[in-house]
Amino acid sequence: RTRSQHRGRYYFVFLASTIFQFAFTFYFAVEMVKLLSLLVLSCMLPHSAAFTKPYDISSLNNRSSQKKLPIIFSSPSPSDESLDEKFGGFTTKQRLREEIESPFRKVRLAFFSFSSASAAVALYFSALAALKANMGGFADAIPLGDALETCAINAAGAIGFAVLAARELKVGQANLERIAKGGLLARLVVEPAMEESSRMTLKDYRRTSRVVIAAGGADYINRLAMSLCSDQLADENTLPAALSGVDIVIVPVLLNEKCDVVDSKLAWENAEPSSNDRNFEAKRAEEVIAFPNMFSMWNQYLKSDVETAQGQGFDVLNKGITITVKKNGRILRRATGLPPFGDFIGVMEVADGSKFGMPGDSEKYGGP
């Protein structure tokens, strides 16, 4: 009676597995038919639209009066606003850039995902074989030890490939966040300290200047102002001229007690010198100073950096943080404390690669 009960349970499991296999095969066949129909349809279309709506550039060529057929390109128009539309938190431009930087990520993701699914299906059938071997009474049952070994291999494959697929997703998400933050950095607005200067974005400084963002509390901004705008002890402060010589622009960012960005221009102009500071004059460094504007964008950009510094145990308001942006718009370094002006003056041309990799600077650095 016991063996007949086991056989009844096995037949029930076998029937359920057969139904599952049939449903999975039917679903896979339907998806393949959809894919093939799309491929056939794309081959029958007269023009390829790619990712965005094609645009006509035949009007740009007016050299010949002969009537020509319109030339349709599948590449996006430079003014196409659809590239700036967000889906999933990121724009099409940002996703395309991530694909350019990692062109085989989706291939790896598909390979790892299908491998994990395949190993999971194999695990299902190996588990059935182990169940048959454990119940006994089946002539085609393999030894229990071999069945358990097969289950372990399939389980390791399913879990391992799933971890690799999850890692690809995580790295891709991190790259998208980095690209999005880089785009936000380029849109940050500053107001140069020099009189009659118009507002600029950090993107406007590319290829011409290196931007150093120095964020901290009121005392930090006061110390930063003294280091640039006053004479220290018996020495005359020549830092602004030296920084200007290596194309450095300092952006002092004042943070309140909640680490939100507030107006730093007034705090800079009203900085109070100590006993070691002489001849303080806020305009002495105006050629290398730019104040932040449109604080909501600055709050959005600095939020993650402030949280990271606080998570590492740093006092952001008192110690401050600095973000150094290279001429190509990429981040050179993130650090705490006042900016290392000596390092900027001495090795910046080599540190950010400008001397070796900035096209068009041959007149300044020499070479072809």
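The values are calculated or read from the model by the stated rules, or taken from the named source; none is laboratory data. As the structure is a prediction and not an experimental result, all values here were calculated from the model. Ideal geometry is used to build each Cβ from the backbone, glycine not excepted, and the neighbour counts take in all protein chains shown. For the accessible areas, the whole protein counts, side chains as well, though only heavy atoms, and no ligand, DNA or RNA atoms are used. Shrake-Rupley method; radii C 1.70, N 1.55, O 1.52, S 1.80 Å.
Worth a mention:
- Rolling a 1.4 angstrom probe over the protein heavy atoms with all chains in place gives region 100-224 an accessible area of 55 Å² per residue.
- Among the protein heavy atoms of region 254-346, carbon and sulfur supply 45% of the accessible surface, probe 1.4 Å, non-protein parts ignored.
- Multiplying the residue separation of residue 238 and residue 314 by 0.36 nm and subtracting their alpha-carbon distance yields 24.3 nm.
- Placing unit charges on each Cβ (+1 for Lys and Arg, -1 for Asp and Glu) gives region 182-316 a dipole about its Cα centre, and among 276, 254, 189 the Cα reaching farthest toward its positive end belongs to 189.
- R0 of 30 Å, Cβ-Cβ distance residue 207-residue 343: FRET efficiency to nearest 0.05: 0.90
- These residues, 187, 223, go from largest to smallest accessible area, 1.4 Å probe, as 187, 223.
- Exposure rank, largest accessible area first [324, 150, 92; 1.4 Å]: 150, 92, 324
- Debye-sum result for region 260-300 in log10 I(q)/I(0), which assumes one identical scatterer on each alpha carbon, at q = 0.14, 0.25, 0.28, 0.33 Å⁻¹: -0.42, -0.91, -1.01, -1.16
- Contour excess over end-to-end distance, with Cα ends at residue 99 and residue 336 and 0.36 nm allotted per residue: 82.0 nm
- Where labels lie 7 Å past Cα in the beta-carbon direction, separation of residue 167 and residue 281 in nm: 6.0
- Sorting 99, 272, 149 on solvent-accessible area from highest to lowest, probe radius 1.4 Å, gives 272, 149, 99.
- Links that overshoot a 23 Å alpha carbon limit, given the list 265/303; 93/170; 106/203; 203/303: 106/203
- Per residue, the convex hull spanned by the Cα atoms of region 84-188 amounts to 103 cubic angstrom.
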